[in-house]
Structures are given as C-alpha cells and as structure tokens.
Amino acid sequence: MSTGFIAILILVILAVVVVQIGKISDLAAKIRGEEEVAQQANDTTAVWLVGFMVLFLIGTIWSAVYYKDVMLGYGPHSAASAHGGEIDGLFNATLGVTFIVFFITHVLLFWYSYKYRSREGNKAQFIAHNNTIELVWTVIPAIVLTFLVVKGLVAWNNIMPDVSEEDQYLEIEATGYQFGWDVRYPGNDGKLGTKDFRMINLANNSLGMDWSDDKSIDDIVLGGTDQIVLPVDTTVRVRITSKDVLHNFYLPHFRVKMDAIPGLPTYFIFKPIKTTEEYRQELRNYPEWNEPYDVEDPESLPRWKEFNYELACAELCGKGHYSMRRVVKIVTRDEYETWLAEQKSTYMTTIRNTEDDPRLGQLLDVEIKERAQELRADFKNALDSEKAEDKTILLRHVFYDTGSAGLSDLSKYELDNLTDILKNNSGVTVELAGHTDSVGDDATNLEISRNRAQNVLNYLTNKGLDISRLSSNGYGETAPIGDNGTEEGRAQNRRTELRIISQ
Amino acid sequence: MADIATTYNEDVLIKELGYDDHFHDHHHGDKYQSSFISHYIFSMDHKIIARQFLITGIIWAIIGAAMSIVFRLQLGFPEESLTWLKPVLGKWIVVDVNGIGTLAPEFYYALVTMHGTILVFFVLTAGLSGTFSNLLIPLQLGARDMASPFLNMLSYWFFFMAGIVMFYSLFLSTGPFSGGWTAYPPLSALPQASTGSGTGMTLWLVSLTLFVVSVLLGGINYITTVLNLRTKGMSLWRMPLTIWAFFVTAVIGVLSFPVLASGFFMLMMDRGLGTSFFLSEIFIEGQALDRVGGSPVLYQHLFWFLGHPEVYIIILPAMGIVSEVLAVHARKPIFGYRAMVYSILAIAFLSFIVWAHHMFMSGVNPFISNFFVIFTLIIAVPSAVKVFNWITTLFGGNIRLNTPMLFAIGFVSMFISGGLTGVFLGNSTIDIQMHDTYFVVAHFHIVMGVAAFFGMFAGIYHWYPKMYGRFMNETLGKIHFWGTMIGAYAIFWPMHYIGMAGVPRRYYSFDSFDAFKHFADMNKFITIAAIIVFAVQLLFVINFFYSIWNGKKMKVKNPWQATTLEWTTPIEPIHGNWPGKIPSVHRWAYDYNKDEREFVPQYVPLEEGEVGDH
Ligand code: HEM
Ligand SMILES: [Cu+2]
Ligand SMILES: [Cu+2]
C-alpha cells in the first residue's frame, strides 16, 4: 500500500502548491491593482499566442519533413500495389489542400487574437455580417471539396468493383478466426470449393469445406504460419470471410483493407506490382533500413534484408487482435508456378480415403487418368525392354471381392485402360496371371488365382478383345514377390500380372 | 480593463418593461428548497441539476482519463513493470517470473472500451450538453425553469443510474465489456467470444439504455422549453447561438438515440433470447452456432445512425459555447449570426445522412459509398463556414485574453486541425488505408475529444461565476490552458504519422509486426505527454473545487458585460431565477460596440430607428 500512500501524498502536496499559486496570484493582483494586472496579463498572453502559433506551425512542418518516410507515397512507404498509387496520390493532394487551409486559418486565428487584444483606448468595431464574404467562403471550400470528391470517387470506382467473368485473375480466400487466418488457394481449376460452417471440424476441416463439391478437391489450405505467396503483376481477388467475429483483412503495403464478416463474404481486388525482393532493393536506399534488424544485436542483418509484406487484422476481434500476423510473399510468376506445384491439395493429403471422404470407394477423374498413364508407361517399358523379367507388368489396381474371384467395381477402370492399350497394340499376345498370399491351403489358393485370372480374361474378351491373343493362368502362392510374414508383403503377393508372350 | 463605460440599471428596466407571469404570487418555496435532500440531491431546479451534471461529468472524466493513462503506460513503456498498479488492478496485472508486471490484454481492451464509452457518453454528452443546456436554456431565454422540472430531475437520475451500473461493471471478476465503444457484434453478442462480452456487456447495455432514457428525457425538455418558454420578445432569431446549439443538439439526440436503443434491444435479444438479428454462420469455441440469416453489418448501420449524429451532439454545444464566449470577450457581435444558425441546421441535417462513412470498409456495397462520400464532404462546408465566422469575429475586436477566451480560441484551432483530417477520411479512397489506424484516433480525438473539452472548459470558466458566485483562479486557468493546448497537440499530432505508417488502432502491442514496431520512441513521447496533460487537468479540478468556496467573489451581476439574460439574475441564485418580473427582450444577443455603446443587453429597448435583429 505504500505506493498508494505516496500517490496520495503527492496529490495532496500538488493541491497545496496549486492553491498557494492561486492565492498568491490573487494577492499580487490586489496589491498591484487588478486593472493593471489584467492589462499586463492580456499583453503577455497575446505574445504567448503568437509564439505558440509560430512554434506550432514550424513544428508541424518540421515533423512532416522529419517523418516523410512514413507518409503515404514517399520513399520507403510507397504502395506495392497498382491501385495503391492512386490512394497515395489522392492523400497527398488532400494534404496539400488542407495544409494551405490549416496554415492560413491558424495564422489568422492567432494573429487576430494578438493584434486585436484589448488595450487602453481600443474599441471593437461593430461588424455583424457580410453576405458577400459568407458566399465566397461557402463557395470556395465547396469547389475545392468537389475537386477532391471527384478525384476520390473516380479512384474509388476503379478500385472497388468486382471482377467480371472475362477478367483474368487469381482468386484466393482468407478466413479470419480468433486469432489467425486460414488462407485457401483454388488449385488447378482456379475455383474455390463451397464451404459450410456446420461442417467445420477442427481435426481435419477447419474451414468447413464441402468435400463433395468437385471444386474442393484441389483446393489448398495453407498451414497456420505459412507465408501467403502471390505472383507479381497478377490481379488477385481475395475472398474474405470469418468464422467467428468480425476481423479485417489488412495489407498495409498494398493499401488493402476489408472487413471479414461471418456469414457475409466480402472481397478486395488488387494487383501486387513489386515482388518482396524488389521492395527490399528499394528500401536498401534508405539509411534507417540499413540499421540492424534486431536493435539489441548489431550483428543482425540490415532491416531491408529482413523486410516482409505483412497481413494484419484491423477490426477489434478480442484479446488476441494485435497478433494476427501472416507474412505475404510476392514472387515472380514463374516462382509462383513452381511454388504452387509443390503445394498439396488439402483434400488429397488429409481427407482422401478417410472416413470423411464422400468419395470413399470411388475413383476421381484425375486418378483414372493417372492410372491410365501409369499403365501405358509400364506397358511401353515392357515392350521396349529386352530382358525377359521386364516383360511382366503388375496390374496395380485390379482387385477382387474378398474371399471370392469376382472383380471389384474399381478394377474395371484398369481393365478398360488395358483393353485400349491392347487394341492399340494389335500384335501383342499376353498371359494374365493370378497370385495369392500364403494364407489358407495351397489348393484353394491355386483355385482362386485361376478363377481370378479367368475372370479378368473374360472381362477383356467381353470388351471385344480377340480371345486368341489372351491366355490366363493361376499360380496360387507359388510365386511371392513380398514377404508372406508381414501384412504388407502379403498384400504385395495378392496380385494380378500381365506377361507379354509375344509382340 | 478600461472598457466599463456602459452601465445599465437592469432592475429598473426589468421592472418597467418585464413580463409579469405572477410566478411569485404562488408559494413554491417548500417543494424546492425546504431540505438539504430536496434542494441539493433530488432537486428540480435547473441550476442545481446543471451542477449535478457537471460534477458527475468531472468525476467520470477523471476516471476515464485515469484509464487512458494506464493503457498508455502499457503502450509507451511495454518493458517497464506495472507491478506497482497491482494493489489497484489486482489480477489484471500479470506478473511474470522476473517480477515484471504487464497489463493483461483482456484488461487493456476493457480499459480502452470503458475510456471511449465514458468519455463519449458520460462526459462529453451528459457532462457537456447536460450541464450547459440545463444552466443556460432557462437563464438565457428568460424562463423560470425547464418546461418539466420533474423530467429534468429524472434525466439526471437516469444518467446517475447509468453511471452506477457502468461503474459496478468495472469490478466484475470477468471484467467490464472489452469490445470497443462501438460494441460491434458478434464480438459483443457472444459471451464465448471474449470474457468482457459476458456480464460486462450485459451491464454495458443496461447502463447505456438507462443513458438513452436520460438523454431523451433531457432532450424533450430542452426542445419544449426552447419552443414554449421564451420570454416576451425572444424570437428564435434573437436567441443566442448557445441556445440554438443546445436546441438543435436536443433535436438530433431525440431523433437518433432511439435508433441506438433499437439496436441495443436487438443485441439484447441476440444475447438472451436466441434471435439472430446480427448473427450468421458462426463457428466459435469448437461449436457451430445454430444462428443464421442475420447480419453484423446491420448493427453497424444502427449504431452509426446514432454514432455520427452523436459526434455532433458532442460538438454542437461546444460550438455554441465558443460562439458566445468569443463574442463576449472580443466585444464584438458574432460574425454572420444567421450563417452560423444555418450552418448549425445544415450540419444537423447532414449529420443524419453520412453515417456510413464509418463503414466504407465494412463490407457495404461500394456503390452506396459514393453517396456517403459526397454527403460527408458536403458537411465540411458548413463546418468551414463556422470556422471562418469565428476567426472573423476576432477581427477588429477588443479581445480580453482571459481563460475562457483562450479555451475558445484553442477550440477553433483544434476544430480546424481535426476537421481537416476528416476531409482525408471522408474520401473513401483514402479511408481504405486510413480506416482503423491511428490516423482516425488522431482525427477524432482532436476534433471531438479535445475540441469538445475546450468548449466545455471555455463554458466552465465563463459561467463559473453564474454557477457559484465566484471566479476560478486566472493564473491557474492559464496554466491549465497552456498545458492542455500544448499537451493535447503533443499527444495527438504524432498519431497522424503513426497512422500514415499504417499502424492499426486498438493494438495491445506492436511488437509482432515489423511494419508497426518502429514507433517505440514516439509512443513513449505520447505517453509522457498524456501524463503531463492529465496532471494539468488535476490542476483544473483543484481550481474548480477550491474556487467554489474560496474563489474571488463576483461583486457585480454582469462581470463580463455580456448582453444575455443570465447576467440579469441575482448573484445569489434563487428559485424562479428572477425575483420579480421576467425580463423582456428587444434585440438580438450580440449588440457589442454598437454605435457608441460598449454593449447593449437584450432587455434594453430599441432606440429610435435602431434595428434589433441581424
Ligand atoms: C469535417 C468534417 C468531418 C469529416 C469529413 C469526418 C469524417 C470522418 C470519417 C470518414 C470517419 C471514419 C474514419 C474511419 O473510421 O475510417 C470519422 C471518424 C470519426 N469522426 Fe469525423 N469527420 C468530420 C468531423 C468530425 C467531427 C466534427 C467530429 C466530432 C465532433 C468527428 C468525430 C469522429 C469520430 C468520433 C470518429 C471515429 C469513431 C470511431 O471509429 O471510433 N468527426 N470522421
Ligand atoms: Cu482483429
Ligand atoms: Cu462520422
């Protein structure tokens, strides 16, 4: 409590001192005559006013010059987006206009206060009104403001409208939450999949993406701290949403700002015009950017080398509002393509073939295509190779219903691909070979493998392949390629192969 | 000063020409003045109520300002320990292993929120317009009291209750509301979004609803009084600008506060009854809420439909006071009286159609913003006109540079500086970058916060003798002025630069952002300036309370030689204001240095061929 006591003591002392000052000044006034004191005080105050004005005006100009490097559009604080220049320009036009008004009105305000201070024998003039002058100072601000409004609205209507169908643009999505951002890229199709807040699941679907929407399949959700990478000179449309409360998607260097609202997606469109690297090179020219990045550590890199564009939140969203940072990296288009190619679709890495996958047990178009390519490549290798052991191809995606010889639904894609390949290579004859693992007795395994190979052959002939080019055989568990002691190995051994007999 | 050339014998003039309403024929005395309680506490006398508003406002101002010092310490000196505040703030000071105490972020936001709410509503609305409307409307109009003294008393006590509820919320274990003075949902609607959004927010809503009631009761009263209780001869065009300002302020308040109340009711329903006016598609705390179809933006429309008029509710009374003080102490008529009235009316009207300039970046259709940009920048024209008129009022004057006058001049400077940054923000294109940065903080603190305080100080120093029969000390007053003038600019001017650099407002710490963390020195400077200014305000408080009992006595009824009627009432205030008849009015309020007369009060009849209106 001693601090409280000291605080109270200080207050009491302050009060006493203040009261004494008051008393003394009253007393002094009495002694010297109130009139005279008032007159003198008036003169002194008038001088003070002018002094204040001079210092204040100098101060404003000096501070503006001193801090010019943080002013919009100057030096290191120039915009990194195409529309940002317009904002900076308008800012400076407004600054010019308002400074003139500021200067003139302040000079008059303080100068008149000084010049027309009360003095012995002075008398005020009776000036009640003057309509002409009222008109003048109504019309002039109106004109100046019209100029600023027009300039402003022209820019506004360039910056804000949404993109149209024909425009080339990259769309990404930023979703705010307490306290961070989820950023989603549309993947190859260029389209973001739909999402529904009811589907949000913090374990594997933080955005509530609707996996049954085909547009979601290739969407990429960046990890929580990954840099947001964007290509330079490309129109970017950011779809801005929120999961919980209001946030604001704010990119100070790009002059981008828009609220993120739950239930009401907003957007902002901008075009980065300087890569992170280019911006760093510009900063390099300013002495303050050559100071060490870490003030404590003189050995640390200069600030310009550590520069990064940043994403911040600009709408109060709770106690962590001040910490919603993400780094934004602007790269060349080529670098962007490379980066994008390295990113994995979220669906493929976390959802595909889990129980949350609505396509569990179905093949995706991409997968069908991939498999066809794979088989074609295997087949070509087998044809081209001289060695006998290379003439055998594993039909990776042919499967049977458990414990029977019936072909599973998905096997038909592989077999259809195979049909096409064989039709294109009419001179080739092949053997279809069934294999099993070592579980169960030998005879049954042999039987099953024969039947399976036969079923494959039947499927192919039904598709119109000439029976004379095909033969089938079952090998049971006699030719393992994996270790029957492990589940993995057994899975390898349960297989169907294709062997080229002649070509 | 040597200008006491003109004297009038108002008692005689009022007796001869005044209007006899037979007020003193009946016996009113007991009801108003019998006991201490009914005289000083549940008083229905407008002069007492005015002082109640003022002193309550001062107390709130001290609380609100002290809060700002605490959060400025955190911003300016994040590395210094605040452990010494632990006895006062308890668990909100988090002490780490090294014994360094910091303000908990939740509480930082609670302080910022309370600071804003208290200053905007309790100090600059109730404390300013409550005080001076109450004091001056009856006195300057020549009325015995407000139209309904009872409603007037209720108005104060609703304000008082609002204050009690808000004050109580400061001590909740979850802390007071912490979602900003604008209280945007969903943050304010969902208790799970923030600790302050639980009971703290409930009390915030209760408190401000009581406050709305207070404003409406007061406002209806002011409007009725101005329209019906003007004395004989007091036509609208003869009313002093103070009255015009208070009158229009009351009209704006009565029209806009109900809209805020409706927004509050919807918010209460969203909080308590499961409605979804402002909520949609929310996933919070691991749970998807069953609320769809509402829009958080709707709340913002309702809030700012009040919110923008509110800033004029704050500044118009200050403008009225400043107009009056400038004229009296420059010994000149206010320049362009009618233009001043028309610009008050224009500002009032326009203030209702600019609200969405607070929402350029809120996700409203950008096309709509076109209109709001245009209206917003139109409102700068009447504002500019007022500034030019004030400056011209000084031209050719015989200016007494005493404390009220200094604050009035300071007001004009602040209003210019802050109004001009409004021109940046009103242009939506620039607002893309400036919105929710320190630039906005600088703008509204200078144009509204500081300027309105200057208006209030001008009024307090000027009418103090009317309220307490004594003067405040001039020397202390001047120290107060200079400290505040220089200090306020020192606090808020640098914020423009921080804002231009893009630093967002409402950040507890700037350290995590490379772009924002390089203003540590400036933040220190601002904090130190804020502490000094705070200390200077304590000087004012001491001066205020000390002078009530010990100030220099007012020996003449009209110490400023003003023309308005409040200076014709007895030095020792009485119920009903005038002992006999009410003065009747023959001219406007600004006959200073007309013809050969230094000033001509309103109750002085016109001479042959003289015009009474301008
Ligand atoms: C010259 C006329 C003015 C214009 C054009 C203007 C314009 C604006 C604009 C556009 C904003 C929104 C900025 C943003 O949040 O991004 C704003 C904020 C504000 N203005 Fe003004 N303004 C003017 C005068 C005033 C006056 C006279 C007052 C008060 C007396 C005032 C008080 C405020 C307040 C309190 C805010 C901030 C509210 C908040 O977000 O917390 N303005 N002004
Ligand atoms: Cu935030
Ligand atoms: Cu506004």
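None of the figures in this text is laboratory data; all of them are computed from the coordinates on show. Keep in mind that what you see is a predicted model, and the values were worked out from it rather than measured. A quick note on method: Cβ atoms are made from the backbone with ideal geometry, for glycine too, and the neighbour counts reach across all protein chains shown.
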(request) May I ask for the angle, rounded to the nearest 10°, between helix A:34-66 and the longest principal axis of chain A, with both axes built from Cα atoms and the value confined to 0 to 90°? (result) 30
(request) Report ³J(HN,Hα) in whole Hz for each residue of segment A:226-238, in order, from the Karplus equation J = 6.51 cos²θ - 1.76 cosθ + 1.60 where θ = phi - 60°; Gly and Pro get x. (result) 5, 5, 8, 9, 9, x, 6, 6, 10, 6, 10, 9, 9
(request) Would you kindly work out the equivalent ellipsoid of segment A:365-502 from its C-alpha gyration tensor and give its semi-axes, the square roots of five times the eigenvalues, largest first in whole Å? (result) 23, 16, 16
(request) Describe numerically, in nm with one decimal, the distance between label points set 7 Å from Cα along Cα→Cβ at B:Ser512 and at A:Val295. (result) 2.0
(message) Suppose each label sits 7 Å from its Cα in the direction of the beta carbon; what would the A:Lys23-A:Gln125 distance come out to in nanometres?
(response) 4.8
(request) Report, for chain A, the % of DSSP beta bridges that are antiparallel, rounded to 5. (result) 70
(message) Based only on other Cβ atoms within 10 Å, what is the fewest-to-most ordering of B:Met414, B:Met485?
(response) B:Met485, B:Met414
(message) Under the 0.36 nm per residue contour assumption, what length would be gained going from the current alpha-carbon distance of B:Phe160 and B:Gln192 to full extension?
(response) 8.5 nm
(request) Report relative contact order for chain A in percent, whole number only (criteria: Cα-Cα under 8 Å, sequence separation at least 6). (result) 10
(request) Among A:Lys369, A:Lys391, rank each residue by its count of other Cβ atoms within 10 Å, from fewest to most, as a rough exposure measure. (result) A:Lys369, A:Lys391
(request) Report the one residue of B:Ile315, B:Met467, B:Met44 whose Cα lies farthest in the direction of the positive end of the charge dipole of chain B (charges on C-beta: Lys and Arg +1, Asp and Glu -1; origin at the Cα centre). (result) B:Met467
(request) Convert each backbone phi in segment A:282-298 into a coupling constant with the Karplus relation 6.51 cos²θ - 1.76 cosθ + 1.60 (shift: θ = phi - 60°), then list the ³J(HN,Hα) values in order as whole Hz, x for Gly and Pro. (result) 5, 5, 3, 6, 10, x, 5, 8, 9, 6, x, 4, 9, 4, 6, 10, x
(request) Taking the Cβ of each residue in B:Arg506, A:Arg450, B:Arg597 as the centre, tally the other Cβ atoms inside 10 Å and list the residues starting with the fewest. (result) B:Arg597, A:Arg450, B:Arg506
(request) State which entries of A:Lys257/A:Lys305; A:Lys68/A:Lys305; A:Lys151/A:Lys319; A:Lys369/A:Lys391 exceed 28 angstrom in Cα-Cα distance in the structure shown. (result) A:Lys151/A:Lys319
(request) Only Lys, Arg, Asp and Glu count, each charged at its Cβ (+1, +1, -1, -1), so figure out the dipole size of chain B about its Cα centre, rounded to 20 debye. (result) 600
(request) Give the Rg (one decimal place) followed by the Dmax (whole number) of segment B:283-384, computed from C-alpha coordinates and expressed in Å. (result) 19.4, 68
(message) Contact order normalised by length for segment B:315-383, with contacts defined as Cα pairs under 8 Å and 6 or more residues apart; what percent is it?
(response) 31
(request) Please turn the phi angles of segment A:439-450 into ³J(HN,Hα) values with the Karplus equation 6.51 cos²θ - 1.76 cosθ + 1.60 (θ = phi - 60°), one per residue in order, whole Hz, x for glycine and proline. (result) 6, x, 7, 4, 5, 4, 4, 4, 4, 4, 5, 5
(request) Rounded to the nearest 500, what is the 222 nm mean residue ellipticity of chain A from helices alone, with -39500 (n - 2.57) per DSSP H run of 4+ residues and division by all residues? (result) -14000 deg cm²/dmol
(request) Measure nothing but the geometry: give the 0 to 90° angle between the long axis through the Cα atoms of A:365-384 and the longest principal axis through the Cα atoms of chain A, rounded to 10°. (result) 50
(request) Grab the Cα-Cα distance for A:Thr44 and A:Glu288, subtract it from 0.36 nm times how many residues apart they are, and report the gain in nm with one decimal. (result) 83.6 nm
(request) Treat every Asp and Glu Cβ in segment A:365-502 as -1 and every Lys and Arg Cβ as +1, leave all other atoms uncharged, and give the resulting dipole magnitude about the Cα centre to the nearest 20 debye. (result) 500
(request) Please determine, in degrees from 0 to 90 and to the nearest 10, the orientation of helix A:131-159 with respect to the longest principal axis defined by the Cα atoms of chain A, where the helix direction is its Cα long axis. (result) 10
(message) Just to be sure I understand: of the beta bridges DSSP finds with both ends in the protein assembly as shown, what percent are antiparallel, rounded to 5?
(response) 75
(request) Could you work out how far apart the two model spin labels at A:Leu55 and A:Asp416 are, taking each label as a point 7 Å from the Cα in the direction of the beta carbon, and quote it in nm? (result) 8.7
